[in-house]
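The values are calculated or read from the model by the stated rules, or taken from the named source; none is laboratory data. All figures in this text were calculated on a predicted structure; none of them were measured in a lab. For neighbour counting, all protein chains shown are included, and Cβ atoms are generated from backbone atoms with ideal geometry for every residue, glycine included.
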Amino acid sequence: MRDETPEGQRDQRALRAAQLYYLQDQTMATIAKELDVSRSSVSRLLAHARDTGIVDIRVSAPHRHAGDLEARLRDRFGVEPHVVPIPDGIPDVDRLERVAVQAAHLFSGYVESSMVVGVAWGSTLSAISKHLPSKPTRNTTIVQLNGAGNTQDTGIEYSSEILQRFGTAYGARVQQFPVPAFFDRAATKDALWRERSIRRLLELQSRADLAIFGVGSPYSEVPSHVYIGGYLAAPDYRSLKDARAVGDVATVFFRQDGTSEDIELNARSSGPRLTLLRRIPRRLCVASGSQKLAGVRGALAAGLATDLVVDEELARRLVEK
């Protein structure tokens, strides 16, 4: 339960101030306005955060300091949640940016030498990739989780830019996946999946120690790239509607209850099977905006995430009955 004692309330405010200052790069003036306190109060809260161990090089939120939303998300969905404090009324573009900043710092804490790291592409991952702090590692490989080509473009330039930022941040080798996001025919995909060059990449994906992805949604105010980039035709949208799909991870679709069986487009997707994705030891899902509610609920119901980064409003919606 949330600690409502004066000391507990002070810890909560100190944690929120620390997240805004150290993880979101907000100014003291901005923090003071959001918390409705003076700038000197913000300084005292940050000092309290350092003195009590909430901040130690990086912002940490041990369970005794975690907010009520994080505790409820953890209990309900069995994930390690990270709620980004953002006041209501902020445009979704700015909301995504602030979530991306915190996700980038958090994710870098997970990356270690000799890891295989699976990276999807999309609007969320593009935003995250721009804020990755430098953390040189050794013998680390970044592997693309799903192809990015479509009928209008190879997708290589778009996905490569995202992957190269991850590779540069960690001094890692980058392995691209030069195939379409969706094949015209499932049989074509099956044949290509038997080629040795493709099998090598599929085997590398299967050995991933860590993965990061967003949740695609056709309803988001910040459009998911898969829904605006020429990847889906009118029959595809009808097929997804008929199948009651609510979102995708790495271009693999699912329903709100987490099921994905008999969604025709998945047979033509180059993204990893959800059973394979679930075998990756650590899987960071990042989402912002309440329009992604159904998609995030579906991803959590499917057991796709071990760790979750969401904004405050989306977190509240997730824990509502």
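Numbers below:
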| quantity | calculated |
| --- | --- |
| Condition met for VAL226 (under 16 Å from the mean Cα position of the chain (by Cα), buried (at least 20 other Cβ atoms within 10 Å of the Cβ) and at pLDDT below 95) | yes |
| Any hit, the range 130-147, residues being within 30 Å of ASP236 (Cα to Cα), in a helix (DSSP H, G or I) and modelled with pLDDT of 95 or more | no |
| Test: residue in the range 48-68 that is modelled with pLDDT of 90 or more, surrounded by 14 or more Cβ atoms within 10 Å (Cβ to Cβ) and hydrophobic (A, V, I, L, M, F, W, C) | no |
| Per-region count, the range 208-223, residues at pLDDT 95 or above, in a loop (DSSP other than H, G, I, E, B) and surrounded by fewer than 23 Cβ atoms within 10 Å (Cβ to Cβ) | 1 |
| Boolean, ALA127 is without any contact (Cβ under 8 Å) to a residue 40 or more places away in the chain, in a helix (DSSP H, G or I), more than 12 Å from TYR170 (Cα to Cα) and among the small types (Gly, Ala, Ser) | yes |
| Count of residues meeting criterion [more than 18 Å from GLY214 (Cα to Cα) and part of a strand (DSSP E or B)] in the range 224-261 | 0 |
| From LEU265, LEU201, residue being within 16 Å of ALA181 (Cβ to Cβ), touching a helix residue (DSSP H, G or I) at 6+ places or on another chain (Cβ under 8 Å), assigned to a helix (DSSP H, G or I) and modelled with pLDDT of 95 or more | LEU265 |
| In the range 22-36, residue nearest to GLU312 (Cα to Cα) [restricted to those that are in contact (Cβ under 8 Å) with a residue 12 or more places away in the chain and assigned to a loop (DSSP other than H, G, I, E, B)] | GLN24 |
| Qualifying residue in the range 141-153 (condition: farther than 22 Å from LEU304 by Cβ and touching a His at 6+ places or on another chain (Cβ under 7 Å)) | no |
| Residues that are part of a loop (DSSP other than H, G, I, E, B) and either more than 22 Å from PRO272 (Cβ to Cβ) or of a type in the set (Asp, Glu) (or both), drawn from the range 89-124 | GLY89, ILE90, PRO91, GLU112, SER113 |
| Residue that is modelled with the highest pLDDT [pool: residues in the range 148-170 that are farther than 19 Å from SER108 by Cβ and among the aliphatic types (A, V, I, L, M)] | ALA148 |
| Where ARG194 falls short, out of the listed (1) of a type in the set (Lys, Arg); (2) over 22 Å from LEU308 (Cα atoms); (3) assigned to a helix (DSSP H, G or I) | (3) |
| Conditions (1) in a helix (DSSP H, G or I); (2) within 16 Å of the chain's Cα centre (by Cα): number failed by ARG283 | (1) |
| Qualifying positions in the range 21-47 - hydrophobic (A, V, I, L, M, F, W, C) and within 25 Å of the chain's Cα centre (by Cα) | LEU23, ILE31 |
| Residues of the range 168-190 satisfying the condition of being closer than 21 Å to TYR231 by Cα and either exposed (fewer than 15 other Cβ atoms within 10 Å of the Cβ) or among the hydrophobic types (A, V, I, L, M, F, W, C) (or both) | PHE177, VAL179, ALA181, PHE182, PHE183, ASP184, ARG185, ALA186, ALA187, THR188, ASP190 |
